[in-house]
There are 4 protein chains.
Amino acid sequence: MKIQKMKHSTIDIRIRLAETDPYGIAHHSNYFTWFEEGRFDYFEKNTYEVSDMKNNSDVVYCNLSIKCKFLKSVGFKDEIQVKTYMSQPSIYARYLFQQEIINKKTGEKVAECNSTMAGLSRKNWEIITLPEDEN
Amino acid sequence: MKIQKMKHSTIDIRIRLAETDPYGIAHHSNYFTWFEEGRFDYFEKNTYEVSDMKNNSDVVYCNLSIKCKFLKSVGFKDEIQVKTYMSQPSIYARYLFQQEIINKKTGEKVAECNSTMAGLSRKNWEIITLPEDEN
Amino acid sequence: MKIQKMKHSTIDIRIRLAETDPYGIAHHSNYFTWFEEGRFDYFEKNTYEVSDMKNNSDVVYCNLSIKCKFLKSVGFKDEIQVKTYMSQPSIYARYLFQQEIINKKTGEKVAECNSTMAGLSRKNWEIITLPEDEN
Amino acid sequence: MKIQKMKHSTIDIRIRLAETDPYGIAHHSNYFTWFEEGRFDYFEKNTYEVSDMKNNSDVVYCNLSIKCKFLKSVGFKDEIQVKTYMSQPSIYARYLFQQEIINKKTGEKVAECNSTMAGLSRKNWEIITLPEDEN
C-alpha cells in the first residue's frame, strides 16, 4: 500500500444519550466503537476492495492491539470528529493506525489512539494481503 | 411444545457502570439485552436442541415484536433477576414470552415484557419447528 | 402542546459494525437507542426549552413503555432514517410517540415503535410540564 | 496503599449475544466494559471506602489511558474470568492496573490490559486520595 498516496479519513459523530454514563460524559468503551468506524471509513476511502470484501464475506478484520489516551470528556449531543491516519505502510497485512478525536466546538483533542489490525481470510483463517500490498 | 412441562428460567444480572446513564440509572436499551439472555436461557433449559443448533449454525432467532413497561429504575451494582415464561405453546414456530425483571434486594418488579420470536433456518430462511412442536 | 403545529423529526443513522450481531444484522437492542435519539431530536426541533433544560440539568426524561415491531433487518453500513411523530397532545406531561425506521436505499419500513415518555423535575422528582402544555 | 496486602480480583462473565459481532465473536469494545467491572470489583474488595464514595456520590473515577492486546476470540455463551491486579502502589491517586481475561474452558489468555485511572472529587473536580495513600 503506497502510504504517501493514502487519503486520511474524517467522520462526524454526535454523542448519544445511551453512550453517556452517570457522570454525564461519554463512557470510554464507546470511543473504541467510534475509532473502529473511523478505520472502516479509512479502508473505504482508500481501497475499492473493502466493500467487495464485505459483500463476499471472505475477510475478517481483527484487532491485535489498541492503546488509547483519554484527554478530555465529551457529553450528550457534543459533536466530535474522528480522524484516522495510517502510521506506516501495511506490511504482512498489519495495518497500523493513528487516530484522534476532536471536539468540533472547542477544537480540543479529546482522545488519541494507536491500534494494529490484521485482515484474515474467512475461508482458511490465514492472513490476507490487499492488492496494494503487492506494489 | 408441551407448555405445561416447560421449566421457566431465572437468570441473575448485576448492573454494570457502562449500562447506566447520566441519571445514574440503567439505560432502557440494556433491558432488551437482559431479556434476550433470559429467552436464550429458557431455550437452553427446555430443549437440548438449542446448543446443537448454535453449533451447527443453522438457526437464526428473530424477534418479531417486543413490548416493555418500565416500572422502577435500577442503578450501578444493583442485582436483578430476569424471569422468563412462555405464555402459550409454540405454534408455527412462534414463541410468545412473558418476562419480568425483579430487583433482588427490594423484591420490586422493575419491568415487564411481552415478546414474540420466530426461528428461521439459516439455510433457506424458512421458519423451522422444534421437535416438541410435533407433539 | 399544540400538536397540529408540531414538526416531525427525521434523523439519519448509519449502522455501525459494533451494532451488528452474529447473523450480520443490527441487534434489536440498538433500535431503542436510535428511537431515543429520534425523540430527543423531536424535542429539540419543537421546543426551545429542551437545550436549556439540559444545561440546567433540571429535567429527567423517563420512558414509561415501549412497543416495537421488527419488520426488516438492516446490516453494517446500511443507512436508515428514524422518523418521529407525536401521536397526541401532551397531557399531564405524558408524551406519546409514534416512530418508524426506514431503510434509505430500499424505502422499506424496518421497524415501527410506539412509546410513552414522561418528564420529571430533577429537583423534586415530580412530573413537569412544558410551556406549550399551558395553551 | 500497601500494594503487598492488596487482594487481586477475579470476576466471572458469560458472553451475551448482543456482545458478539458478525464474525460470531465478542466485539472488542465490550472488553473495556468487562475490564472496568474488574477494576471496580478490585476497589470494592480492597477498600471499604468505595461503596461509601458511591453512595455519597462525591468521587468520579476517570480513565487516563488504556492499552489492550487481543490474543484469542471468545463467542456467545463462552465463560471468561477477568483478573485484576494493581501493578504498583497508588501515587498521587493514580491507579495502575494490570488485567487479563481467561477463557474458563480452555484456560487460554484471551486479552491483557494495562490501564491508569485517577479519582476526582465531584465537588471540586480535584484529584482525591484514598485513606491508604496516607500510609
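Listing for the model above:
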read-out: 10 Å Cβ neighbours from other chains, averaged over peptide A:9-21; value: 4
read-out: Order by protection proxy (mean Cβ within 10 Å, highest first), peptides D:36-45, D:76-85; value: D:36-45, D:76-85
read-out: Copies compared at residue C:72 - label distances in nm, ascending, label defined 7 Å from Cα in the Cβ direction; value: 4.0, 4.2, 4.2
read-out: Per-copy distances of the residue D:87 label point, shortest first, in nm (7 angstrom along Cα→Cβ); value: 1.6, 5.2, 5.3
read-out: Summed buried accessible surface, chains D and A, 1.4 Å probe, nearest 100 Å²; value: 1800
read-out: Shielding of B:61-71 by partner chains, average beta-carbon count, 10 Å; value: 6
read-out: Label 7 Å beyond Cα on the Cβ vector: residue D:98 copy-to-copy distances, nm; value: 3.0, 5.3, 6.1
read-out: Per-residue mean of C-beta atoms belonging to partner chains within 10 Å, peptide D:37-43; value: 2
read-out: Cross-link pairs beyond the 30 Å C-alpha cut-off, checked among B:77/D:72; A:104/C:7; B:83/C:72; B:69/D:77; A:72/D:77; A:7/D:109; value: A:72/D:77; A:7/D:109
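The values are calculated or read from the model by the stated rules, or taken from the named source; none is laboratory data. Everything quoted here is computed from the prediction, not taken from an experiment. For neighbour counting, all protein chains shown are included, and Cβ atoms are generated from backbone atoms with ideal geometry for every residue, glycine included. The protein model used for the area step is the full one, side chains on, heavy atoms only, and it has no ligands, DNA or RNA in it. Shrake-Rupley method; radii C 1.70, N 1.55, O 1.52, S 1.80 Å.
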